[in-house]
Structure formats: C-alpha cells, structure tokens
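The values are calculated or read from the model by the stated rules, or taken from the named source; none is laboratory data. This one's a predicted model, so the numbers in the text were calculated from it and none came from an experiment. Here Cβ is always computed from backbone atoms with ideal geometry, including for glycine, and neighbour counts include all displayed protein chains. Only protein heavy atoms, including side chains, enter the accessible area calculation; ligands, DNA and RNA are left aside. Shrake-Rupley method; radii C 1.70, N 1.55, O 1.52, S 1.80 Å.
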Amino acid sequence: MSHQLTPLIAFYRGEAPDHKGRYIDAVWALSHFWLEHTHDYIQWLFPIPEAGRFNGFAPRLTDVEREVFHDDSALREQQRVSLDVLLSFLGLVRDGLNITAQPSLNIRDHIWLKAGGHNHLRISRMIRSLALCHQPKLAAAFQQAVIEIGSTQGIVSAQSMAYWRVASDTKHTV
C-alpha cells in the first residue's frame, strides 16, 4: 500500500531529520547524559496523537501514520531499536518480549526509580506509543517490567504506576 511520506515517517525511515536536524541513528547514538537532559527527542522516537507540553515542534501520531506502522514491519523494527536505546538509558534490557533490569540498575543512577520526574512521563509515552504503533505485546511487556521493577527496586509513586497501567489502552489518553 502506498502512503504519504510525513515528517515522522521520513524520520523513522532515516530519510529526514527531526526539527533540530538530527537523524534517528544519530539520536540512538547519543549518551545517556544527553538523553536525560534533552527533552525534545522522545516525541519523535515515541509519537502519540496528543500534543506534548514541552516540544511544539513534535510530530503528532496520526491515523495515517498508525496505518503505515501497521503495514511496515521495518518501521516497527526501528521503533524497537528506539525502545532498546531508551531501555539501556533506564537500566533495562530486552530479549524479545522479556524486559529485565541490568545488573547495574540502581536508584542513584537511574532516577526513574524515584518518586517522580520527567522520566515517568517518558515511560507513559513509550508504553502508549508502542501500543498505538501496533506493538501491543511489546507495550504490555514494557509496562509490566516498569511496574514490577519500579515497585520492587524503586520508590515510584502510585500516581505514576496508575498512569503506566492505563498507558497501553489505545482508547484513552493518559
């Protein structure tokens, strides 16, 4: 099926940069420090239909783009690479649908394990985007992992856990 090439799809295919001139493979190669302290890339790696509060240039996931993700297994694979990059940043690792803590995971270095913060919003976005981009099993696996690890190895707030629990429901916004 032929689809219109949107800025988001072109970015995900590595054919065009994001609003700051960064190509997807360049974003994947950035340091964990950069990923922590930069706030305008997550919307490109994990798009959702809702406008973000922090990046007015972020793409919004449309029904057309959802259809492209549905039809294009290479795009879904690209999103899995994006997930693996962010999992590493969060101190997690994926083997298929099995997501576990890296041995080095700790609350001092991985601030998502604390009670609040912007990484909790990122996690909600990641779960929702995976579900909306036709990767519901992966969204559920990630959701289950962060809830379990966050509650056993961290002090994640009940509010964040509640957002994570509903994030994979594609009928509702979080």
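Exactly one condition in (1) of a type in the set (K, R); (2) closer than 28 Å to S151 by Cα; (3) at pLDDT 95 or above is not met by R22; state its number.
(2)
Out of curiosity, is S151 of a type outside the set (D, E) and within 11 Å of the chain's Cα centre (by Cα)? Reasoning before the result, please.
On the way: of a type outside the set (D, E): yes; within 11 Å of the chain's Cα centre (by Cα): no.
Judged against the criteria, S151 is not a match.
Please go through (1) assigned to a helix (DSSP H, G or I); (2) over 20 Å from H118 (Cβ atoms); (3) touching a residue at least 24 places away in the same chain (Cβ under 8 Å) for D169 and return the number of the only condition it doesn't satisfy.
(1)
Among the residues of the range 66-82, is any under 23 Å from G150 (Cβ atoms) and not polar (S, T, N, Q)?
Yes, the conditions are met somewhere in the range 66-82.
Can you tell me how many residues within the range 24-33 are under 11 Å from F89 (Cα atoms), assigned to a helix (DSSP H, G or I) and either open to solvent by less than 60 Å² (accessible area, probe 1.4 Å) or of a type in the set (A, V, I, L, M) (or both)?
1
Could we say that R53 is modelled with pLDDT of 95 or more, assigned to a loop (DSSP other than H, G, I, E, B) and over 20 Å from A131 (Cβ atoms) here?
no
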